[in-house]
Amino acid sequence: MAFEQELEEIRENLKGVKNKIIIISGKGGVGKTTIAVLLSYILAMRKYKVGLLDIDVHGPNVAKMLGEVDEPVVDGNNKIIPVEVNEDLKFLSMGLFLKESDPLIWRGPLKVKVIVQFLKDAVWGNLDLFIIDSPPGTGDEPLTVCQLVPDLTGAIIVTTPQEVAIQDVKRSISFVKQLNINIIGIVENMSGFICPYCGKEVALFKKDGGIRLSQELKTPFLGRIPFDPELIEILDKGILKGNFGSNLQSYRAFKHIVEKVEDFVKERKEVENIS
């Protein structure tokens, strides 16, 4: 009964959200948060209304990457007001409630409780896209979202090219399929490094592992993001404080990924209108 009640409260709270996308990977350190932040930021630049929820409660980095330090507000009705980056982007993360060096020493039930609270008690309002950044693996956090968020639009799977990442990412794809969630596509992150001196590409973590995985599992491939030291510097300072734009090779690569996500969302809407 408690589960069904929480499900109904979340459904009611998110009724103004058109599309809900979870970013997932079986492997840590592949850049899920980078993908989530850039996807949210670029979509907001295109005037979509975007909400970004960080459910990595042990390693919350969204606030750091955005460069936003304001604390969320709890209103008189005990509703959480997410931090507004601008008129088109708002976000929520445990990182907003913790000091930078504070560990969160919680077991599963407490993690699930805070994620449920972020879903049902935060004022997300009307959004075109709700992006959910998850921790690595297929444990409590992504499972909670996949079971409780109604009508998930789909999942974006993030990997790096090397085999140790691919092996773990296969488990995430199986996880998503077993829960009957659409796979929007695979992103291959840290895919090659362009030497600033000679211009040649160096395959730091091999190459095309994500493409081969998409072909093997008949899953859409969204694109490759190169290893970009300039982007790392910008995200360390916070994207709102950096010069993130079309002069970066990583921006140009990511722009194509955003366009494919837009196409997926538009095609889904057309199918819903027909049915």
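Read the figures in this text as sums done on the coordinates, not as results from a lab. None of these values were measured; they are calculated from a predicted model. Neighbour counts are summed over all protein chains in view; Cβ atoms, including those assigned to glycine, are modelled from backbone coordinates with ideal geometry.
If you rank M45, M94 by fewest surrounding Cβ atoms within 10 Å, what's the result?
Sorted ascending by nearby Cβ count, the order is M45, M94.
Beta-bridge orientation, the chain: approximately 20 percent antiparallel, per DSSP, counting only bridges with both partners inside. Which of the three applies to the stretch 92-171, rounded, prolate or oblate, going by the alpha-carbon gyration tensor with a ≥ b ≥ c and a/c under 1.5 meaning rounded? The shape class here is oblate. If the segment from V164 to F97 were pulled out straight at 0.36 nm per residue, it would be longer than the present Cα-Cα gap by 20.8 nm.
Using 0.36 nm times the number of residues separating E267 and K241, minus their current alpha carbon distance, what extension gain do you get? Before the final figure, lay out the partial values.
Values: separation 26, 0.36 × 26 = 9.36 nm, distance 3.45 nm.
In short, 5.9 nm is gained.
Across the alpha-carbon atoms of the stretch 2-261, the computed radius of gyration and Dmax are 17.7, 61 angstrom.
The modelled label-to-label distance between S174 and Q5, using points 7 Å beyond Cα along the C-beta direction, is 3.7 nm.
Please state the shape class of the stretch 1-126: rounded when a/c is under 1.5, otherwise prolate if a/b exceeds b/c and oblate if not, all from the C-alpha gyration tensor. Show your work: numbers first, answer last.
Numbers: a/c = 1.33, a/b = 1.07, b/c = 1.25.
Rounded shape, in that the Cα axes give a/c under 1.5.
With the simple spin-label model, which puts each label point 7 Å out from Cα in the Cβ direction, the D208 to V73 separation comes to 5.4 nm.
Which value in Å does the Kirkwood hydrodynamic radius of the stretch 1-67 take, with 1/r averaged over all unlike C-alpha pairs and then inverted?
Numbers: mean 1/r = 0.0719 Å⁻¹.
Answer for the stretch 1-67: a Kirkwood hydrodynamic radius of 13.9 Å.
From the alpha carbon centroid of the stretch 149-182 to that of the stretch 202-257 is 18 Å. Relative to one another, the C-alpha centroids of the stretch 57-79 and the stretch 13-35 are positioned 16 Å apart. Rounded to the nearest 0.05, what FRET efficiency do I232 and K200 give with R0 = 22 Å and r taken as the Cβ-Cβ distance? Could you check? Calculated value: 0.65. Using Cβ point charges alone (K and R +1, D and E -1), the dipole size of the stretch 144-214 about the Cα centre works out to roughly 160 debye. The overall shape of the stretch 215-270 is prolate: from the C-alpha gyration tensor, with semi-axes ordered a ≥ b ≥ c, the ratio a/c is 1.5 or greater and a/b exceeds b/c.
If you average over every viewing direction, what projected area does the convex hull of the Cα atoms of the stretch 154-231 give, in nm²? Average projection, Cα convex hull of the stretch 154-231: 5.3 nm².
Mean residue ellipticity at 222 nm, helices only, the chain: -13000 deg cm²/dmol; runs of at least 4 DSSP H residues each add -39,500 (n - 2.57), and the sum is divided by the number of residues.
Quote to one decimal, in nm, the extra length available between I105 and N86 on full extension: 0.36 nm per residue of separation minus the C-alpha distance between them.
Numbers: separation 19, 0.36 × 19 = 6.84 nm, distance 3.22 nm.
Gain on extension, I105 to N86, equals 3.6 nm.
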